[in-house]
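Working notes for the structure below.
The values are calculated or read from the model by the stated rules, or taken from the named source; none is laboratory data. Since we're looking at a predicted model, the values are computed, not measured. Here the Cβ is made from the backbone with ideal geometry for all residues, glycine too, and neighbour counts use every protein chain on show.
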Amino acid sequence: MTLYGVGLGPGEADLVTVRGKEILETADVVYSPGRLSRTVALEHVPEERIGDLDFPMTKDEEKLRTAWTEAAAEVAPKATAGDVAFVTLGDPNVYSTFGHLRRTIDAFHPDVDLEIVPGVSAVTAFATALGVEIEAGAGLSLREAAAGHSPTGPDRMILFKVTDAPATHEGLVAAGYDVTYGRRLFMEQGETVTTDDPTELDERDYYTLAYAEKESLDVESATAAFDTSAVSGETTDADTPDGSDTADANVRSDGGREFSAAELAALERAEGCAGGDCNADHGDANHGTTGVADER
Ligand SMILES: C[S@@+](CC[C@H](N)C(=O)[O-])C[C@H]1O[C@@H](n2cnc3c(N)ncnc32)[C@H](O)[C@@H]1O
């Protein structure tokens, strides 16, 4: 029998995965570490099957170890006799209480079988909520910014635990970042706020994150070439970068804009498929064997 760590997603009940929902509906007991995860779990599980575990909000490691040991002692026998679930908001492997429980179970109850059902994490949900696209080739780092901290360094960062947005903002702006905030994203409980004004977030709310991007980043995507406003309908030899005859080249029509073979090659390189063979049937490890483009 099994202990399932189930990611609930950011908070809206219908962002739980199909697999996660199936586990919640069949588990003998569904443990939740906090009020919010309990509320989300209750959308899928009757109250009598919910078990509460107490994880104190403290940095005192001794107290925390005691709480994890007691939680593991409660969960382990039930996970040996049947199937139980432990839910976390987002994903169980991203800054989550489940990690502590898993390590404690591993240490004291190594016979318990364990499986994890990933969830929609704030790591990905933030992008849709804040209208951010992490483009192919771009880096993205995760940091914590509790108590007004302003970690800096990477070009793009998601900052978790933004509990003092004005203080965090000050440090980030001084270090040359543009910053956007998201509070209670895709959450039914409480008010969702997305803003780049930290004074709107004066009130402390643990479910707040920030996306910080260096001001100096000069990102021009390959699709900038689709901006037809700068291009007349007619394309002549003189317009093409290599002066080649587009009529003879490998051209395509896209929104009235024609591309020469050289332009196409440049676009494809920028998208990471040099040679234009993303769809080719290579049969090697880097290319699909079905002729279908790799998913990115
Ligand atoms: C302990 S971490 C848990 C992360 C979670 N396991 C996940 O994968 O999304 C808690 C932090 O995640 C961020 N967070 C989680 N859910 C959020 C949401 N729905 N909206 C905004 N921030 C969220 C906040 O920064 C919060 O302080």
Considering only residues that are within 14 Å of the ligand (Cβ to nearest atom) and closer than 24 Å to residue 81 by Cα, look in segment 9-52 and name the one that is surrounded by the fewest Cβ atoms within 10 Å (Cβ to Cβ). 33
Can you name the residue in segment 202-222 that is of a type outside the set (Ser, Thr, Tyr), within 14 Å of the ligand (Cβ to nearest atom) and buried (at least 18 other Cβ atoms within 10 Å of the Cβ) and is also nearest to residue 41 (Cα to Cα) among such residues? 209
Please specify each residue of segment 104-134 satisfying the condition of being farther than 26 Å from residue 162 by Cβ, of a type in the set (D, E, K, R) and part of a loop (DSSP other than H, G, I, E, B). 111
Which numbered condition in (1) outside any strand (DSSP E or B); (2) closer than 20 Å to residue 50 by Cβ is the only one that residue 86 fails? (1)
Within segment 53-83, the residues that are in contact with a helix residue (DSSP H, G or I) (Cβ under 7 Å, 6 or more places away or on another chain) and over 21 Å from residue 110 (Cα atoms) are 54, 55, 56, 58
Single match in 180, 199 (criterion: surrounded by fewer than 21 Cβ atoms within 10 Å (Cβ to Cβ) and part of a strand (DSSP E or B)): 180
Filtering segment 165-177 down to residues that are more than 12 Å from the ligand (Cβ to nearest atom) and buried (at least 18 other Cβ atoms within 10 Å of the Cβ) yields 169, 172, 177
Contact list, first residue from segment 181-194 and at positive phi, second anywhere and within 6 Å of the ligand (Cβ to nearest atom) and in a loop (DSSP other than H, G, I, E, B), beta-carbon distance below 6 Å, six or more apart or interchain, is 184/207; 186/10; 186/11; 190/184
Matching residues in segment 21-69 (under 21 Å from residue 1 (Cα atoms) and among the hydroxyl-bearing types (Ser, Thr, Tyr)) number 4
Here the residues within segment 66-84 that are within 29 Å of the chain's Cα centre (by Cα) and not aliphatic (A, V, I, L, M) are 68, 83
Being among the hydrophobic types (A, V, I, L, M, F, W, C) and within 12 Å of residue 29 (Cα to Cα) is the filter; apply it to segment 62-112 and report the residue that is nearest to the ligand (Cβ to nearest atom). 87
Right, residue 150: over 14 Å from the mean Cα position of the chain (by Cα), buried (at least 17 other Cβ atoms within 10 Å of the Cβ) and of a type in the set (Gly, Ala, Ser) or not? yes
Which residues, counting only those in segment 136-151, are in contact (Cβ under 8 Å) with a residue 60 or more places away in the chain and either in the same structural domain as residue 90 (by TED's automatic domain parsing) or more than 12 Å from the ligand (Cβ to nearest atom) (or both)? 136, 137, 138
I'd like the full set of residues that are among the polar types (S, T, N, Q), within 26 Å of the chain's Cα centre (by Cα) and farther than 15 Å from residue 98 by Cβ, limited to segment 20-59. 39
Looking at 168, 163, which one is hydroxyl-bearing (Ser, Thr, Tyr) and not in a loop (DSSP other than H, G, I, E, B)? 168
